[in-house]
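*Asks:* Quick one: this structure, given as structure tokens, is what I'll be asking you about.
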Amino acid sequence: MDGRALATALVVAVVLVAIGIGIYFAVTRGGDATEAKGGELWTCPMHPSVIRPEAGQCPICGMDLVPLEEGEHKEGGIEGHGVVEISADKQQLIGVVTTVVERRTLARTVRSVGQVAMDESRLSDVHTKVDGWVEKLYANETGKVVKKGQALLTIYSPELVATQEEYLLALRSRERTKDSPFEEVRRSGGTMVAAARRRLELWDISEREVEQLEKSGVVKKALTLYAPSTGYVMEKMVVEGMRVMPAMTLYRLADLSRVWVEVDVYEYEASQVREGLAATLTVSAQPGRSYRGRVEYVYPTVDAMTRTLKARLEFANPGLELKPGMYGDVVIEAPGEEALAIPETAVLDSGTRTVVFVKEGEGTFLPREVEVGARMDGYYPVLSGLKAGEEVVSSPNFLIDSESRFQAALEAARSGADKQPKGSK
């Protein structure tokens, strides 16, 4: 730490200690203010928090105490707050800014961080419906792109070979019995062919392969499985020579031309998020780019630990720039609504009540309790407590709030002194 920083830290420490001493004396000794002789109170010009029932010296700076002027308190404050009067020069010095209460169109925006995920509706698994052994793999690497209808692998299956032979026998039988004088014999030949063909179709033998079998009359040793959709090979659980069965998943394919983005929305913002709303996504991997999507689904439950609601958004991904697992910033846009509004900086929220300071006249600021809605676009909609055209302080509220609380405490001290019998101790 350099000398300038050390000096600054020491000054801050001294100021904090001085303030603490002042508060201590104000609290421990100021309680005697209710015993002021003749109802008169004394204060320090440099430390207004010091209030004494009789003349003396300030316990903080040593200055002589002066009589506390009467008539400084104005009517109209609320509990814990008093009316504040500030001259025009002081307003300019501390930078008082007021804002007119007026109707505005408030845009609802919900910001969150989302994670890119695969669209579950665009996932597909590849299975075989017969027992057999893998003879040849065409898609032999994870991450490979395959097109719909592309060959993935070939399987040798004794069951399949037997069914092909059965089909060829049924064809020959139908050919021999087609001129039979007996209708039942002619019909039975066709029935056997249809049953054998149906079994081949159920085992995913394509119509083209069945036609080739009919033309050639030669049984194929291996069955070829084709990709059911276009996508990336996300998982490959098969190798050449492996025995496979119907219960096994051989491949998992994912179409990434559209992706999901899952976000967590705070509980108080849950009412603002609904299906169909437009959304914008930005990711650090693509600086300067933004992606437009929409809210596709809002989950019905709130997480008990995080107090957040999960929502699922859908984005087009034609260039495959959005990769599953990426994080990005999401802005969900809701339709704007018109309401009486004040800046968020004008509101002082203690947790039990919400207070603003309303300008009355040139230098008077009246504390007023108000009711506001959820913050939107830097403003709070006013539900009650203010009218259009009134002016409220938007900066620096913390200074005016401190003065307002001091005025309330001062009035309480005066009231206590006034209740004592004149000349009593």
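*Asks:* Within segment 327-401, which strands (runs of 3 or more DSSP E) (wholly inside it) include 2 or more residues that are of a type in the set (A, V, I, L, M, F, W, C), in contact (Cβ under 8 Å) with a residue 12 or more places away in the chain and touching a Pro at 6+ places or on another chain (Cβ under 7 Å)?
*Replies:* 327-343, 354-360
*Asks:* Of all residues in segment 79-112 being within 35 Å of the chain's Cα centre (by Cα) and hydrophobic (A, V, I, L, M, F, W, C), which is surrounded by the most Cβ atoms within 10 Å (Cβ to Cβ)?
*Replies:* Looking at residues that are within 35 Å of the chain's Cα centre (by Cα) and hydrophobic (A, V, I, L, M, F, W, C), I get Val101.
*Asks:* Related question: Is it the case that segment 190-203 has a residue that's farther than 30 Å from Ala311 by Cα, of a type outside the set (A, V, I, L, M, F, W, C) and touching a residue at least 40 places away in the same chain (Cβ under 8 Å)?
*Replies:* No, because not a single residue in segment 190-203 is farther than 30 Å from Ala311 by Cα, of a type outside the set (A, V, I, L, M, F, W, C) and touching a residue at least 40 places away in the same chain (Cβ under 8 Å).
*Asks:* Which residues, counting only those in segment 168-181, are touching a helix residue (DSSP H, G or I) at 6+ places or on another chain (Cβ under 9 Å) and either modelled with pLDDT of 85 or more or not in a helix (DSSP H, G or I) (or both)?
*Replies:* Leu168, Leu169, Lys178, Asp179, Ser180
*Asks:* Is it true that Arg197 is buried (at least 19 other Cβ atoms within 10 Å of the Cβ) and not hydrophobic (A, V, I, L, M, F, W, C)?
*Replies:* Yes, satisfied.
*Asks:* Test of understanding: among Tyr291, Tyr266, which residue is within 30 Å of Tyr232 (Cα to Cα), of a type in the set (Ser, Thr, Tyr) and in the same structural domain as Val116 (by TED's automatic domain parsing)?
*Replies:* Of Tyr291, Tyr266, the one residue that is within 30 Å of Tyr232 (Cα to Cα), of a type in the set (Ser, Thr, Tyr) and in the same structural domain as Val116 (by TED's automatic domain parsing) is Tyr291.
*Asks:* Regarding Ala285, is this residue within 12 Å of the chain's Cα centre (by Cα) and not in a strand (DSSP E or B)?
*Replies:* no
*Asks:* Give Glu184, Glu166 a once-over and let me know the one that is out of contact with any Phe, Trp or Tyr (no Cβ under 6 Å at 6 or more places or on another chain), in the same structural domain as Val130 (by TED's automatic domain parsing) and under 21 Å from Asp131 (Cβ atoms).
*Replies:* None of the other options fit; the residue is Glu166.
*Asks:* Just the residues that are more than 27 Å from Gly336 (Cα to Cα) and either among the hydroxyl-bearing types (Ser, Thr, Tyr) or outside any helix (DSSP H, G or I) (or both), please, taken from segment 89-112.
*Replies:* Gly95, Val96, listed by residue number.
*Asks:* Here's a follow-up. Does Val233 satisfy being surrounded by 15 or more Cβ atoms within 10 Å (Cβ to Cβ), under 25 Å from Glu120 (Cβ atoms), among the hydrophobic types (A, V, I, L, M, F, W, C) and touching a Lys or Arg at 6+ places or on another chain (Cβ under 6 Å)?
*Replies:* yes
*Asks:* Could I ask something else about it? Filter segment 123-141 down to the residues that are more than 30 Å from Ala194 (Cβ to Cβ) and out of contact with any Asp or Glu (no Cβ under 7 Å at 6 or more places or on another chain) and list them by number.
*Replies:* Listed by number, the residues that qualify are Leu123, Tyr138, Ala139, Asn140, Glu141.
*Asks:* Suppose we keep only residues that are in contact with a helix residue (DSSP H, G or I) (Cβ under 8 Å, 6 or more places away or on another chain) and outside any loop (DSSP other than H, G, I, E, B) within segment 220-261. Which one would you say is nearest to Tyr138 (Cα to Cα)?
*Replies:* That would be Thr224.
*Asks:* For the structure I just gave you, tell me whether Ala222 is in contact (Cβ under 8 Å) with a residue 24 or more places away in the chain, of a type in the set (Gly, Ala, Ser), under 29 Å from Leu160 (Cα atoms) and surrounded by 15 or more Cβ atoms within 10 Å (Cβ to Cβ).
*Replies:* yes
Yes or no, residue by residue, for (1) outside the structural domain of Val273 (by TED's automatic domain parsing); (2) part of a helix (DSSP H, G or I); (3) surrounded by 14 or more Cβ atoms within 10 Å (Cβ to Cβ):
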{"residue": "Gly114", "(1), (2), (3)": "no, no, yes"}
{"residue": "Lys148", "(1), (2), (3)": "yes, no, no"}
{"residue": "Thr191", "(1), (2), (3)": "yes, yes, no"}
{"residue": "Lys215", "(1), (2), (3)": "yes, yes, no"}
{"residue": "Val218", "(1), (2), (3)": "yes, no, no"}
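*Asks:* Being surrounded by 15 or more Cβ atoms within 10 Å (Cβ to Cβ), under 16 Å from Arg108 (Cα atoms) and not aliphatic (A, V, I, L, M) is true for just one of Glu275, Glu262, Glu269. Which residue is that?
*Replies:* None of the other options fit; the residue is Glu269.
*Asks:* Scanning for something within 30 Å of Arg172 (Cα to Cα) and modelled with pLDDT under 95, does segment 259-267 turn up at least one residue?
*Replies:* Scanning segment 259-267 turns up no residue that is within 30 Å of Arg172 (Cα to Cα) and modelled with pLDDT under 95.
The values are calculated or read from the model by the stated rules, or taken from the named source; none is laboratory data. Fair warning: this is a prediction, and the values are worked out from it, not measured in the lab. Reconstructed Cβ throughout: ideal geometry from the backbone, glycine too, with neighbour counts over all protein chains shown.
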